[in-house]
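A short worksheet on the structure shown next.
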Amino acid sequence: MSSLARRTESPIVRRSLIGIALLYLVLFIFMPLFIVFATALEKGIVYYLHSLADVDTIAAIKLTVITALIAVPLNLVFGVAASWAIAKFDFRGKNFLLTLIDVPLSVSPVISGLIFVLLFGLQGVFGHWIRDHGWRIIFAPPAIIIATIFVTFPMVARELIPVMKAQGNDEEEAAITLGAGGWKTFWYITLPNVKWGLLYGVILCNARAMGEFGAVSVVSGHIRGYTNTLPLQIEILYNDYSFTAAFAAASLLAFLALFTLVIKSLVEFRFRAELKAVRKQGH
Amino acid sequence: MFLLKQKSTIPGFHLSLGYTVFYLSLIVLIPLSMLFIKTSSLSFADFWAIVTAPRTLAAYRLSFGAAFIASFINIFFGFLIAWVLARYSFPGKKIVDALIDFPFALPTAVAGIALTTLYSSNGLLGQFLYKIGIQSAYSWTGVVLALIFIGLPFIVRTVEPILQEIDPEIEDAASSLGAGRLQIFSRIIFPAVLPSLVTGFSLAFARTIGEYGSVVFIAGNMPGKTEIAPLLIITKLEQFDYSGATAIALVMLIVSFLLLALTNWAQWWASKRIGMS
């Protein structure tokens, strides 16, 4: 018996296991994906494009893009700072800090919205102060942006920390010893090394920012054309029984999700090649 | 609290850590502390009355119960999928592997309307399920189906790398000493992946108990029957019952933190076991 035969199952077992796994995936993952595009296009491409050109849908797309344009760069700067501190240095309380960074991921989206209502709502801590200044935060775009920042807070840091850790400190230490400053070392040594991990972190953060529903729903107030992001617009269209229009808008976000997965696969492929090269040099 | 363990030649420790702690406090810690501050304005008797009201208990039972059932089902199928991806090759494997993360990348509202359309009585899958007497939308079953979709990637992605790490030589050695496939599985493979199954389960469970967007469309939203806890929070908010909403949220948050602690414990347990062998 060859070692390979000993290590694996008989072909019948193998094939049935693959079959069960694929069936489960088709039923639970691929079918919902198929439904989105099938329903969006069920009345033809003209109807599809027409429903995307709706005034409220375009306003929702605009607000979604603006939200992401503010939330993603802020979390990118945080992600880089946090990764630098956590990956390059050894300090007490590091694991605790890592746990705290992940907290927004384990908070229900509805609770993520609720805490900002408690802060900025009329009954909230800053409610009267904000009203006296004539500002609007809750039920207005600022709250949507703040809630989105909270929900997507760890996305860049989570992707970047392991990549930066894997690179080690040797190259940075060499650059510093040779007289390069901290910023120069970061721009010319660290950043080129982690750019793929950084890119995936940003794209994932962006996908989350554009797709957030629960938290944004709590703070938005659902004012058509003013505080509706694309996911909220999808809900409104769906509840109005405009199913095709709802799925047309949904298909944009499904495309974004697929694009995110393509970038993820590319980054993983890229890293696998790099890791192999590193191992070969070691031998 | 955060003290550098040894001097480093690399600059920027205080700047990067300072900014990290500042931004973390501003965006996450201070806003979250509002839940505790707001709840502390309630007397314990009032708090207890809110979180043990029949409608609240029913919502908790649905959110926690359906999340538990869905994560439990996903343990088995998630493990099977991780096994197939880690050990076998088949055509289209790379695409299948990439699409595992689809539920994680897809916005929850899109998942919600897609799943509801799929499982409603005239939906692509729902028409068959309704015929055999399973009401797959606007019911408990619907909530479980949605949470299965949401939770699957967490289990597969936690178990898959551990399965790939198992040294084939150990299996060869066991096999040459006369162990059968089932024995190798139960004595070598299963103990090695058990901590990752615990981690995957608690990650999926933690994510699904608070899930809103993908569930709210398919749940039916009947108070006391098919109303999930996050929806009850929103309902209380719309009635300007901020204390009620906050009390219900605080209980959910504490359960999430306990699960986070369980995840960390499982990882510590795993690293200790590897350290011993």
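Quick look at the numbers
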quantity	calculated
Charge dipole (debye, nearest 20) of segment B:165-229; +1 at Cβ of Lys and Arg, -1 at Cβ of Asp and Glu	380 debye
Under the Karplus curve 6.51 cos²θ - 1.76 cosθ + 1.60, θ = phi - 60°, whole-Hz ³J(HN,Hα) for segment B:119-128, x wherever Gly or Pro sits	9, 6, 4, 10, x, 4, 9, x, 4, 6
Fewest-first sequence of A:Glu268, A:Glu212 by Cβ atoms within 10 Å of each Cβ	A:Glu268, A:Glu212
For A:Ser83, A:Ser242, order by how many other beta-carbon atoms lie within 10 Å, fewest first	A:Ser242, A:Ser83
Whole-Hz ³J(HN,Hα) from phi, Karplus 6.51 cos²θ - 1.76 cosθ + 1.60, for segment A:49-63, glycine and proline x	5, 4, 6, 6, 7, 4, 4, 5, 5, 5, 4, 5, 4, 4, 4
Dipole of segment A:44-282, positive end: most advanced residue of A:Leu198, A:His128, A:Leu230 [Cβ charges, Cα centre]	A:Leu198
The protein assembly as shown, dipole about Cα centre (Lys/Arg Cβ +1, Asp/Glu Cβ -1), debye to the nearest 20	860 debye
Interchain or long-range residues, amide H under 5 Å from A:Arg136's placed H	none
Which of B:Ile166, B:Ile150, B:Gly210, positive extreme of dipole for segment B:148-219 (C-beta unit charges)	B:Gly210
For B:Thr117, A:Thr8, order by how many other beta-carbon atoms lie within 10 Å, fewest first	A:Thr8, B:Thr117
For chain B, size of Cβ-based charge dipole, Lys and Arg +1, Asp and Glu -1, in debye	160 debye
Max mean-square fluctuation residue, GNM over chain B, Cα-Cα springs under 10 Å, options B:Phe64, B:Phe149, B:Phe257	B:Phe257
Residues whose placed amide H lies under 5 Å from that of A:Phe91, excluding near-sequence neighbours	B:Lys5
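We did not get these values from a lab; they are worked out from the coordinates using the rules stated. What you see is a predicted model; the values in this text were computed from it and never measured. As a convention, Cβ positions derive from the backbone with ideal geometry for all residues, glycine included, and neighbour counts pool all protein chains shown.
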